[in-house]
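To start, the structure itself, in structure tokens.
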Amino acid sequence: MKKNHKDKFKTPEGYFDSFNDRLLDKIAKEESIIPKSDGFSVPQDYFKDVHESVLDKLDQEEPKVIALKQYTKYLYVAASIAAVLLLVVTLVPTSQAVQFDDLASTEIERYFEDTEIGLTSYEIAQVVAFDGEEIENLEDDELEEAVILDYLDENTDTFDELNLDYEFEE
Amino acid sequence: MQHVEEQLIKELQETESQAKAFEVLVNTYKERLYWHIRRIVLNHDDADDVLQNTFIKVYKGIGNFKGDSKLYSWLYRIATNESLTFLKQRQRKSGITDQEMQEQMLGALEADVYFDGDEIQLKLQKALTSLPEKQKLVFNMKYFQEMKYDEISQILETSVGGLKASYHLAVKKIEAYLKED
């Protein structure tokens, strides 16, 4: 606050520093074609009720906050139960180790389908041991021609896969 | 003035004096903030909605107000952010471009019972929609709210020099627009 020591009048701080700027702005505004007012209005007595309206809106928002806190409380309980169950499952020793026979054949098939094992059918044949009886059963089984054709129809997309690379005799 | 503001902040942050102090705050700033918001969102009902949201944000956030900036610049900053967020959300919900949104707002303004503007005032609003966001804000704050550059600088966190350039550029563009047939 700047004081005039002779007659005790005061001016706001920085009043004279910004005087030139304000004067130039005012002159520019007087000369401008830009309208002085922008034409907006408000309903009568609108500003009287603003405080009340804000408090009403605040009250409406409060229950939401409480509900969120209650929900969080249930989340903590659910998370605690889940953690205890996880500990029980991991810490209690199992009575039997899982054997190969315990696996369902569908699980084994899915493993081979999903996993790139990188072995050719010849290499697999080298590893897998067939006993003589199994091979004999295979040779003795007489497959009907219709069954073979159905199999080929379902499992081959093109004739090229059948390796028909020999020439037909006329 | 500084002392009064500090006292108000203190009372707002203390539980027993908060309700009364909040009433003082709302009554002190409601008109200034309303006009600031109204000039961004244009429509009265939207301005009322944003003004209430602004005070609710202030009420919930006053505990975290550290006093690094002045109270009024903090309030104006919240009001500005709330207004711009309000418009962005509406635009996203409607799935329209910024340009289409501005055209809708101008269309609604012509039918607004709380807009008494004549042809030149409507043209002024059209000119304002063609300005970049910051120039529009600076122009409204300087020309209609008659705020000082120092105050605008604290609210928009831009240098006074930059604001002066923005304002004069905005005035030139608006005058050129109004002179067009």
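The values are calculated or read from the model by the stated rules, or taken from the named source; none is laboratory data. Because the structure is predicted, anything quoted here is derived from the model rather than measured. For neighbour counting, all protein chains shown are included, and Cβ atoms are generated from backbone atoms with ideal geometry for every residue, glycine included. Side chains included, ligands, DNA and RNA excluded: accessible areas come from the protein's heavy atoms. Shrake-Rupley method; radii C 1.70, N 1.55, O 1.52, S 1.80 Å.
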(message) Take B:M147 and tell me if it is open to solvent by less than 30 Å² (accessible area, probe 1.4 Å) and in contact with a Ser or Thr (Cβ under 9 Å, 6 or more places away or on another chain).
(response) no
(request) Just give me the residues in region B:114-135 being out of contact with any Ser or Thr (no Cβ under 8 Å at 6 or more places or on another chain) and either among the basic types (K, R) or in contact (Cβ under 8 Å) with a residue 12 or more places away in the chain (or both), in sequence order. (result) B:I120, B:L122, B:K123, B:L124, B:Q125, B:K126, B:A127, B:L128, B:T129, B:S130, B:L131, B:E133
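Does A:K8 fit the bill of being outside any helix (DSSP H, G or I) and either open to solvent by 70 Å² or more (accessible area, probe 1.4 Å) or at pLDDT 75 or above (or both)?
On the way: outside any helix (DSSP H, G or I): yes; either open to solvent by 70 Å² or more (accessible area, probe 1.4 Å) or at pLDDT 75 or above (or both): yes.
Criteria met by A:K8.
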(request) Filter region B:19-45 for residues that are farther than 21 Å from B:T85 by Cα and open to solvent by less than 40 Å² (accessible area, probe 1.4 Å) and give the result. (result) B:A21, B:F22, B:L25, B:V26
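Checking the condition more than 9 Å from chain A (Cβ to nearest Cβ), over 16 Å from the mean Cα position of the chain (by Cα) and surrounded by 15 or more Cβ atoms within 10 Å (Cβ to Cβ), which residue from B:L169, B:L137, B:L178, B:L156 passes? Explain how you work it out, then say what you get.
Values: B:L137 fails: over 16 Å from the mean Cα position of the chain (by Cα); B:L178 fails: more than 9 Å from chain A (Cβ to nearest Cβ); B:L156 fails: over 16 Å from the mean Cα position of the chain (by Cα).
The conditions single out B:L169.
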(request) Kindly provide the set of residues from region B:138-166 that are closer than 19 Å to A:A28 by Cα and touching a residue at least 40 places away in the same chain (Cβ under 8 Å), ordered by number. (result) B:N140, B:M141, B:F144, B:Q145
(request) Considering only residues that are open to solvent by 60 Å² or more (accessible area, probe 1.4 Å) and polar (S, T, N, Q), look in region B:98-110 and name the one that is farthest from the other protein chains (Cβ to nearest Cβ). (result) B:Q99
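Step by step: first the residues of region B:50-78, then only those that are of a type in the set (G, A, S) and closer than 18 Å to B:H3 by Cβ, then the one that is nearest to the other protein chains (Cβ to nearest Cβ). Which residue is that? Break it down stepwise before answering.
As a first pass, look at region B:50-78 and keep what is of a type in the set (G, A, S): B:61, B:63, B:67, B:69, B:73.
Adding the requirement that they be closer than 18 Å to B:H3 by Cβ leaves B:67, B:69, B:73.
Values: B:G67: 19, B:S69: 18, B:S73: 16 Å.
Selected residue: B:S73.
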(request) Of all residues in region B:57-77, count the ones that are over 16 Å from the mean Cα position of the chain (by Cα) and closer than 18 Å to A:S53 by Cα. (result) 2
(message) Checking the structure you have, find out if any residue of region B:51-66 is surrounded by 15 or more Cβ atoms within 10 Å (Cβ to Cβ), more than 24 Å from B:A127 (Cα to Cα) and of a type in the set (S, T, Y).
(response) yes
(request) Working only within region B:111-134, note down all residues that are loosely packed, with under 14 Cβ neighbours inside 10 Å and either of a type in the set (A, V, I, L, M, F, W, C) or within 11 Å of another protein chain (Cβ to nearest Cβ) (or both). (result) B:A111, B:V113, B:D116, B:D118, B:E119, B:I120
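Return the residue satisfying two criteria in turn: it lies in region B:12-48 and is among the small types (G, A, S) and more than 12 Å from the chain's Cα centre (by Cα), and of such residues it is farthest from B:L106 (Cα to Cα).
Looking at the filtered set, the residue picked out is B:S17.
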(message) With the structure loaded, tell me whether B:G95 is free of Cβ contacts under 8 Å to residues at least 12 places away in the same chain, farther than 27 Å from B:G61 by Cβ, open to solvent by less than 30 Å² (accessible area, probe 1.4 Å) and not β-branched (V, I, T) or whether it fails that test.
(response) no
(message) Let me confirm something: among A:K36, A:K57, which residue is of a type in the set (K, R), open to solvent by 70 Å² or more (accessible area, probe 1.4 Å) and modelled with pLDDT of 75 or more?
(response) A:K36
